[in-house]
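Here's the structure, in structure tokens; my notes come after.
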Ligand code: FE
Ligand code: FE
Ligand code: MG
């Protein structure tokens, strides 16, 4: 990014880059969790679940793209190796050891809830000094809120199907 563009972010740039790299690590882990989950998932409404997981995986990859672009603009260095994802992640990784639909949905809901917290904090942090990152974070946060909602809706459909209601 140009000098003036960096200047407006000021002294918090380094701390911000660190936070964005942590979020970038989360996004890669979330991407893989959705992607591999979509391959192994089994059980009722499987088709619908696969479609949703695949769509969310693509969204997480797009979030990683948005974050890395901003990290570069800020003069930062993005996380370069997958080992760092585990060291830097806020939300961790939940391997879909149990491929049953309900289990996979619950694991990913937990991940989304963590992501919502992370981006809410980033939204607040950036609100006073970097409205560009703020706007990017808001865009991502909107997706994470939608992701949680979508997964919970499928889970509710499944439960009402079982109870015959
Ligand atoms: Fe995401
Ligand atoms: Fe998400
Ligand atoms: Mg969705």
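The values are calculated or read from the model by the stated rules, or taken from the named source; none is laboratory data. These figures come from a predicted structure and were not determined experimentally. Virtual Cβ from ideal backbone geometry, glycine too; neighbours counted across all protein chains shown.
Some observations on this one:
- Every pair of residues 6+ apart whose Cβ atoms lie under 7 Å, when the first sits in region 140-156 and is within 11 Å of residue 106 (Cα to Cα) while the second is at pLDDT below 95 and more than 14 Å from ligand 1 (Cβ to nearest atom): 154/45
- Restricting attention to region 132-156, the residues that are more than 19 Å from the chain's Cα centre (by Cα) and surrounded by fewer than 13 Cβ atoms within 10 Å (Cβ to Cβ) add up to 1.
- Considering residues of region 118-131 that are within 16 Å of the chain's Cα centre (by Cα) and closer than 20 Å to residue 72 by Cβ only, the residue farthest from ligand 3 (Cβ to nearest atom): 122
- Residue in region 96-112 that is within 13 Å of ligand 2 (Cβ to nearest atom) and surrounded by fewer than 16 Cβ atoms within 10 Å (Cβ to Cβ) present: yes
- Taking the criterion of being surrounded by fewer than 17 Cβ atoms within 10 Å (Cβ to Cβ) and not in a helix (DSSP H, G or I), the residues of region 122-131 that qualify are 127, 128, 129.
- Single residue of 89, 69 found to be away from ligand 2 (no atom under 15 Å from the Cβ) and modelled with pLDDT of 95 or more: 69
- Only one of 23, 30, 13, 64 that is modelled with pLDDT under 95 and touching a helix residue (DSSP H, G or I) at 6+ places or on another chain (Cβ under 7 Å): 13
- Any chance residue 109 is free of Cβ contacts under 8 Å to residues at least 40 places away in the same chain and under 16 Å from residue 150 (Cα atoms): no
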